[in-house]
Amino acid sequence: MTPRDYDDDDRERPSWREIDARRDRPHSRPLAKERRLPKKQAEWVRKMALRQAEALFKGKRGRPEYQTALRELEEAHGTKKFPAVAKKFLQEYGLPEEWGILNLLLDVPEPEVVTEVLRVMASQVASRSLVEKQGFKGRLQILALTNADAEVRQEAEEIMASL
């Protein structure tokens, strides 16, 4: 007889009646399930928490006012009030990360802003789609040929040469 066999013999085994009684007894598990949120609601709560955490880390850019300012900037593009709206946006939030908004800011009449936007876009161009890259190259060519400011023209030419 091995020690293992000896332990099995000393242990009392439940009868079938006891096993059935345990199975029929109510457990606390169903109560825990009732307290859980439905799957869709739990997913929604998780997404909202993630969104709030992202907004917290983004600072001003995570607030609804930022989205409103972006919309205003897009709506003002091509109008006489665009330079003023762009200046206000840049003072409030700085240069955005959004590619489309950066592209709009290339139309700001201030050469310092345009050169800074070009640098930011050049740093992001590797992660952009082929269409966005081609559009950026086209904008660079236009700026290099037609911009009134020599600094902007030079920056556009340098970026084109590096691409």
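Only the coordinates and a few stated rules stand behind these numbers; no lab work does. Note that the structure is predicted; figures quoted are calculated from it, not measured. Because the Cβ atoms are built from the backbone with ideal geometry, glycine has one as well, and the counts that use them run over all protein chains shown.
Values for this structure:
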| quantity | calculated |
| --- | --- |
| Dipole magnitude of the stretch 63-163, debye to nearest 20 (Cβ charges: Lys/Arg +1, Asp/Glu -1, about Cα centre) | 240 |
| Proxy reagent accessibility, fewest Cβ within 10 Å first, across Trp99, Trp16 | Trp16, Trp99 |
| Protection-proxy order for peptides 154-160, 144-150, each taking the mean of Cβ atoms within 10 Å per residue, highest first | 154-160, 144-150 |
| Relative exposure of Lys80, Lys47, judged by other C-beta atoms within 10 Å (fewest first) | Lys80, Lys47 |
| Across Lys80/Lys137; Lys87/Lys133; Lys40/Lys133, pairs whose alpha-carbon gap is larger than 28 Å | Lys40/Lys133 |
